[in-house]
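Report on the following structure.
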Amino acid sequence: MGRPVAADAENVRVYSQRKQDFKERLEGLLDEYTKVLVVGADNVGSNQMHQIRRALRGKALVLMGKNTMVRFVINQHAKNTGNTKLAQLSALCRENVGLVFTNEDLKEVRDLLLENKVQAPARIGAVAPNTVTIPAGPTSLEPTQTSFFQALSIATKINKGSIEILSEVELLKEGDKCGASQVALLGKLNIKPFSYGLVVEKIYDNGSVYDPSILDITNDDLKATIKAALNQVAAFSLATGFPTQAAVPHLIVNGFKNLVSVSLETDYEFEQAAKIKEILANPGAFAAAAAPAAAAGGAAPAAKAPEPEEEEEEDMGFSLFD
């Protein structure tokens, strides 16, 4: 008799209910929304996150999760739905980021995120997100605490029993790490130099990815750019003799000028050129016709002549010194 062959059991990975719920929620958001703001969430606490969610209520939804789990769900959903554009969104899920889903105006949502920032004190080892300066002037510190200023080479003097900073000092530059002396001094001066919140890093818009600076472009900027481009196309067209739609108005005007020139040099006339010929033949009549219009324009200033009556009221035969 032959030996029985044992069938190998399939290795099926079982996910927890929490991960399955997260997967279903993320897939639902990917189907419902076409716009996603990828936001950095460094130094954002749970209480601040709650305030941001409340401010975005009805306009956007914030989703935070492990990057590996988020990328896995997005990639699987892209394969299942055939929406390969989602792979671009998956590639943006790196480091400490979150996703803000919306179908509203992106600029409006971005502005709401910027409004919900919280002032925070400096911490040792933290990277300064902005330049920190200490203004000149008196402080509430006693003269015994001048050592903090001396350690940072900040010029001070004692004025009325307290330390006064002589000139404005740049304590930290953007990108510098906060040292112990700098943090201690800012704490004693009660200065909270940093503000933290969700920072928009990239924008995913229905398959397109771009920087958030694009949101600052206004309609006037677009009009100015298009106008400048059309002017360049028209100039190129006129210089090379290659007709384009942008050069059509200029070509028509130039053609009319040429027709008028031919009409003036020959007996050929047409309605638009007849008026010009009439003016050139009798310029005096044209000047007489234009004179009433010029007089009407100057009549308004002439009507203000009676104003000197106010000066007569001042000279009443007496003086303040009488």
Matching residues, segment 202-219, being of a type in the set (D, E) and at pLDDT 90 or above
D205, D211
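Here is a yes/no grid of residues against (1) at pLDDT 95 or above; (2) of a type in the set (A, V, I, L, M, F, W, C); (3) within 20 Å of K117 (Cβ to Cβ):
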site	(1), (2), (3)
V38	yes, yes, yes
G45	no, no, yes
Q48	no, no, yes
R53	no, no, yes
R57	no, no, yes
K66	no, no, no
M69	no, yes, no
F72	no, yes, no
Q76	no, no, no
Would you please name the residue that is farthest from G125 (Cα to Cα), looking only at residues in segment 151-180 that are in contact (Cβ under 8 Å) with a residue 24 or more places away in the chain and polar (S, T, N, Q)?
S162
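Can you list the helices (runs of 4 or more DSSP H) lying wholly within segment 42-158 that have 3 or more residues being of a type in the set (A, V, I, L, M, F, W, C) and under 30 Å from L26 (Cα atoms)?
46-55, 67-81, 86-91, 106-115
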What is the residue count in segment 173-188 for residues that are open to solvent by less than 50 Å² (accessible area, probe 1.4 Å) and outside any loop (DSSP other than H, G, I, E, B)?
5
Odd one out for L172, checked against (1) at pLDDT 90 or above; (2) within 30 Å of G98 (Cα to Cα); (3) out of contact with any helix residue (DSSP H, G or I) (no Cβ under 8 Å at 6 or more places or on another chain)
(3)
Subset of segment 78-101 [open to solvent by less than 50 Å² (accessible area, probe 1.4 Å) and either at pLDDT 95 or above or touching a strand residue (DSSP E or B) at 6+ places or on another chain (Cβ under 7 Å) (or both)]
L89, L92, V97, G98, L99, V100, F101
Flag for E170 being open to solvent by 70 Å² or more (accessible area, probe 1.4 Å), out of contact with any Leu (no Cβ under 8 Å at 6 or more places or on another chain) and part of a strand (DSSP E or B)
yes
Every residue from segment 37-57 that is among the small types (G, A, S) and touching a strand residue (DSSP E or B) at 6+ places or on another chain (Cβ under 7 Å):
G40, A41
Restricting attention to segment 192-220, and to residues there that are assigned to a strand (DSSP E or B) and more than 14 Å from A91 (Cα to Cα), which single residue is nearest to the chain's Cα centre (by Cα)?
V200
Please enumerate the residues belonging to segment 237-289 that are closer than 30 Å to K227 by Cα, of a type in the set (G, A, S) and in a helix (DSSP H, G or I).
S237, A239, A246, A247, G255
Sole miss for A235 among (1) of a type in the set (A, V, I, L, M, F, W, C); (2) at pLDDT 90 or above; (3) open to solvent by 90 Å² or more (accessible area, probe 1.4 Å) is condition (3)
Only one of I154, I124, I134 is more than 20 Å from N43 (Cβ to Cβ) and out of contact with any Leu (no Cβ under 6 Å at 6 or more places or on another chain); which?
I154
In this structure, does R25 turn out to be within 12 Å of L198 (Cβ to Cβ), surrounded by 13 or more Cβ atoms within 10 Å (Cβ to Cβ) and not hydroxyl-bearing (S, T, Y)?
no
Among R110, R123, which is open to solvent by less than 80 Å² (accessible area, probe 1.4 Å), touching a helix residue (DSSP H, G or I) at 6+ places or on another chain (Cβ under 7 Å) and among the charged types (D, E, K, R)?
R110
Can F256 be described as surrounded by 10 or more Cβ atoms within 10 Å (Cβ to Cβ), within 21 Å of I279 (Cβ to Cβ) and not aliphatic (A, V, I, L, M)?
yes
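The values are calculated or read from the model by the stated rules, or taken from the named source; none is laboratory data. Since the model is a prediction, treat every value here as computed from it, not as a measurement. Note that each Cβ is placed from the backbone with ideal geometry, even for glycine, and that neighbours are counted across all protein chains shown. Keep in mind that these areas ignore ligands, DNA and RNA; they rest on the heavy atoms of the full protein, side chains included. Shrake-Rupley method; radii C 1.70, N 1.55, O 1.52, S 1.80 Å.
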